[in-house]
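The numbers here are math on the coordinates, done by the rules we state, and not lab data. These numbers come from a predicted model, not from an experiment. Note: ideal-geometry Cβ built from the backbone for every residue, glycine included; neighbour counts use all protein chains shown.
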Amino acid sequence: MRVLGISPAHDASVCVINNGEIELYLKEERLSRIKRDSHPYLSLQKVKQTIEHIDYAVICSPTPDDWSELINFVKKTFYCPVETLCNSHHLQHASLAFYNSGFRNAAVLVIDRNGTDYKGYMRESESIFIANYPHYFQEIYKSFWSINKGVDFDKTTTNFINELREKNKNCEYVCDSNYNITQVYESATSLISQHQLENGKTMGLSSYGNDTSKFPNLFLNNTNIPVDNYFFQLPKWYNNNHVCAVNKNLNSFETKNVEKNNYELYADYALHVQKQTQEAVCFLIDKVISNTYIKNICITGGYGLNVVANSYYTIKYPNMNFYFEPLADDSGNSIGGALYIYKKYHQSNKKSKIKNTFFHGFNYPLDNIDGTKCDENDIVNLLADDKSVAIYHGLAEAGPRSLGNRSILFNSQNKEGKEIINRIKKREWYRPFAAICLEEEAKKYFEMHHIDKSEYMTMCFKIKEEYENYFPSITHVDKTCRIQTIDSNHHLYSLLLKYKEKTGCGMLLNTSFNLAGDPLVETPDDALYVFNNSELDCLWFFEKNTILKKHQI
């Protein structure tokens, strides 16, 4: 049975599930080269060209818009029935995280900015599901944010909530704010004039913060309910047709230029929202602990990409088993929706734990790539000689983290490493770099606590005190690093072993192969474009054992 999942919102994607496994996955921006593209028609054309038959299609949208044009397109293109999951955005997130987790049963926390739209009156904020195989998702908690437009609006919102309570008496429904956890975080992102979906930049800046005492508590009584009086919404025309939340008291300080001579206020507020929002999520985790006997927790939704918060949970709750979904943002919802429909009709109890994220797109021909033949020893020598090496290998990573197929690698011990790679990628000075590390080396260098591995860069770890000055390229200002641990099943394991033999260190800087503001490299031509339009030293086509070098090398 083949199910086609289509997510037509921002970060649009399509996915084909064939008998429970991903057969094809495409994120539209990788094909169109338009960041966060929301029109998946190029992807659907690729599905038509490569997949013989589709049995069922599902539209996975957070809004109940008129999707008749897309539905008719899908019916005419694939000749299959089409279902919509436009009233269950958080369920799509929960489905992906649960089925990827490998847990037989779990609580799933969805922390999202804009979930399902309830007729323009309110939208999902945070949800807790109890999930079991083959197809059981029971909501036990759901909060919404509303846009306060007066008494009539409030009455309608109250009526919606009461209707939901009548339908599901086992679920706690809350709609007590015009904002939510992710929007509170977003207010720091707006302060530095970044798009609301660029909260990762705020997370990097937060580590430079120090004094948060000048800011009030942003949530009511240590809950997940924001204090409305501290915020307001900027209109759509202000920020690229997206409404964004702003802190009222700080709005006059908004800047587009966070520099080393003015960053303190912005970093302090970023740290404040980091601390306050992760505690608001802990309020929800405590609900799971107090109301269920479940020890397994999946974290997903856009806020689930917050690696600082994810690490905080694992330390605060050492007796809980956490799974952090690598495709926690909306780019994973085509998979979540397709899996949900597949399990619904197939009723399969087979666990489908994620194996890796190397399932995006196609294996493109490399016949026209003309470079110098190389082997791993050549790459090791270049990296040890402080050369930047971009790697192109197989299918691209799905999700926002580059894990070795579309990565830029660099010496983790180079004192100027951050400046060098920031110059190559043309990105902000305050953002941290990740690392790829031999799994057996991780506990040597990092405070891993009870965590054995971190395959998908969904957590960050503090570097042990004796190594704080040993890896300047990948050590953030707070002495942490987001790491990817690899074992012998990874194609770069042998390279890292040889690099360790040469340098004594089995760890490299690993950042995404793209330029700032651009989607991840997809095709060989994309790779060549970045190579030719940046200060990258080398481009390594792994499968062809071929490397391109700049003339000065």
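Here, the chain is characterised by an Rg to Rh ratio of 0.95, where Rg is the alpha-carbon radius of gyration and Rh the Kirkwood radius. Using the Cβ-Cβ distance between residue 162 and residue 489 with R0 set to 56 Å, the FRET efficiency works out to roughly 0.60. Among the chymotrypsin sites (Phe, Trp or Tyr not before Pro) within the stretch 51-143, those in coil by DSSP and having at most 11 neighbouring Cβ atoms inside 10 Å are 79. Each Lys and Arg Cβ is given +1 and each Asp and Glu Cβ -1; about its Cα centre, the stretch 226-330 then shows a dipole of about 120 debye. Quick one: which of 35/353; 387/418; 142/353; 462/498; 418/443; 443/500 span more than 19 angstrom between C-alpha atoms? Correct reply: 35/353; 142/353; 462/498; 418/443. The P(r) of the stretch 100-326 has a tail past 30 Å containing 25 percent of all C-alpha pairs. Of the two radii for the stretch 2-86, the radius of gyration is 0.93 times the Kirkwood radius, both from the alpha carbons; that is the Rg over Rh value. Only helices reaching 20 angstrom along their own axis (Cα) with mean Kyte-Doolittle hydropathy no lower than 0.0 count here, and for the DSSP H runs of the chain these are 264-291. The stretch 32-96 to the stretch 314-347: how many Å between their Cα centroids? Each part's Cα centre sits 19 Å from the other's. Once the C-beta distance of residue 34 and residue 452 is scaled by a Förster radius of 45 Å, the resulting FRET efficiency is 0.70 to the nearest 0.05. Put simply, when 500-513, 348-361 are sorted by average Cβ atoms within 10 angstrom per residue, most first, you get 500-513, 348-361. As a ratio to 2.2 N^0.38 Å, the alpha-carbon radius of gyration computed for the stretch 372-549 takes the value 0.95.
Using the Cβ-Cβ distance between residue 503 and residue 545 with R0 set to 25 Å, the FRET efficiency works out to roughly 0.65. Ordering 80, 60, 538 by the number of other Cβ atoms within 10 Å of each residue's own Cβ, fewest first, gives 80, 538, 60.
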